[in-house]
Structures are given as C-alpha cells and as structure tokens.
Amino acid sequence: MRGKQAPKRKIKPDVKYHRLDIARLINYVMRAGKKSASEKIVYGSLDYIAQKTKDDPFGIYELAMRNIGPSLEVRGRRVGGANYQVPFPVSDDRRQTLSFRWIITAAKARKGRPMAIALAEELMDAAKGEGSAVKKKEEMHRMAEANKAFAHFARFTKKRR
C-alpha cells in the first residue's frame, strides 16, 4: 500500500431522525450522488415498517442489524506458498458495513417491488431471522467454523490500519 491511508470522515446525523446509523444507511443506498432519492427510500422503508407492524420501526431495524451483523469473517492469508481462509473477528464498523451491504444487495434482488418496500421487507425478514442477508451471515459463520483449524495463522498478520 502506497502513501498514507485516507482519514475517516465524520458524517452528520440524518435530517429526520438525527441518527448516525440511519445516515450511514442512506449513504450506502445512495447511487450517483442522489442523496434525496436515497433518503426517500430509507425513510419510506421505515414508514412502511411502522405502518405494517404497528410498532417502532427502530426496534425492528436494530433487531435486523443484530441478526445480520457477523461476528467472524474469513480472509485469505498466504502462508508458505499456500492460501488459507483464516477466520478473524469483525470490528463494529466492519460489522455495520457488511450488514448494510448485504441488506441492500438482498433488497435489490427482490424484483418487481419499489426499493423502499423491498428494503423494508428485507429488514422485517431479517428481524425474524429469515431472508437473504441472514443467510449470507450464516454462510460466513459456517466458512469461519470450517476453517477454525487455520485460526492460529491470524496472529501472524500485521495490523495495517
């Protein structure tokens, strides 16, 4: 890696609910710099959740994020000419990033629905422990469990961040 790493930028809380995690989700949904469109999608999905469940949408959102967020991930590690999939613990920022990425990918895969409704349904499914994003997390945990024998290679990695 050449040069120094770019500094982590502080983002402002979202306009409607004043929450940093919702602001990050809006930024992840955003395409081509169209923030107002991504705000409509995220706020629309939270309104849809509130309307469908007659419950606090943030409770469902938080539960969904807890159910999607992985605690372990596997990374490729080259040791003695062989590549091993080594399980590593996931930091909180990385957990949130992966959760957002998986939930948005799963929502986009739901065809024939507006993105706001697809995102809301995927969040509601994730809160129940179902859905594509939860399957993705379970798949990653299975990979980490299967490669637990290579966990001793993790201590040889240098902290690059």
> So which residues in segment 15-59 are touching a Ser or Thr at 6+ places or on another chain (Cβ under 9 Å) and not in a helix (DSSP H, G or I), if there are any at all?
Replying inline: M30, R31
> Would you pick out the residues in segment 86-130 that are in contact with a helix residue (DSSP H, G or I) (Cβ under 7 Å, 6 or more places away or on another chain), surrounded by fewer than 15 Cβ atoms within 10 Å (Cβ to Cβ) and assigned to a loop (DSSP other than H, G, I, E, B)?
Replying inline: G129
> Here are some conditions: (1) at pLDDT below 95; (2) farther than 24 Å from S132 by Cα. S71 meets all but one. Which one does it not meet?
Replying inline: (2)
> Does any residue of segment 143-154 turn out to be small (G, A, S), assigned to a helix (DSSP H, G or I) and modelled with pLDDT of 95 or more?
Replying inline: no
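Restrict the check to segment 7-14 and report whether at least one residue is surrounded by 12 or more Cβ atoms within 10 Å (Cβ to Cβ) and either at pLDDT below 95 or out of contact with any Ser or Thr (no Cβ under 6 Å at 6 or more places or on another chain) (or both). Lay out the reasoning, then the answer.
Within segment 7-14, the first condition is being surrounded by 12 or more Cβ atoms within 10 Å (Cβ to Cβ), and the residues that meet it are 13-14.
With either at pLDDT below 95 or out of contact with any Ser or Thr (no Cβ under 6 Å at 6 or more places or on another chain) (or both) added as a condition, the list becomes 13-14.
Looking through segment 7-14, at least one residue is surrounded by 12 or more Cβ atoms within 10 Å (Cβ to Cβ) and either at pLDDT below 95 or out of contact with any Ser or Thr (no Cβ under 6 Å at 6 or more places or on another chain) (or both).
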>> I'd like to know if segment 69-85 contains one or more residues that are more than 15 Å from the chain's Cα centre (by Cα), more than 20 Å from K40 (Cα to Cα) and in a helix (DSSP H, G or I).
In response: no
> Does segment 4-21 include one or more residues that are touching a Lys or Arg at 6+ places or on another chain (Cβ under 7 Å) and either under 18 Å from I117 (Cβ atoms) or free of Cβ contacts under 8 Å to residues at least 40 places away in the same chain (or both)?
Replying inline: yes
> Is it the case that M140 is farther than 20 Å from L20 by Cβ, under 15 Å from the mean Cα position of the chain (by Cα) and surrounded by 17 or more Cβ atoms within 10 Å (Cβ to Cβ)?
Replying inline: yes
>> Consider segment 44-66. How many of its residues are touching an Asp or Glu at 6+ places or on another chain (Cβ under 9 Å) and touching a residue at least 40 places away in the same chain (Cβ under 8 Å)?
In response: 7
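The values are calculated or read from the model by the stated rules, or taken from the named source; none is laboratory data. Every value quoted in this text rests on a predicted model; they were computed, and no experiment measured them. Counting neighbours? That spans all protein chains shown, and the Cβs are built from the backbone with ideal geometry, glycine included.
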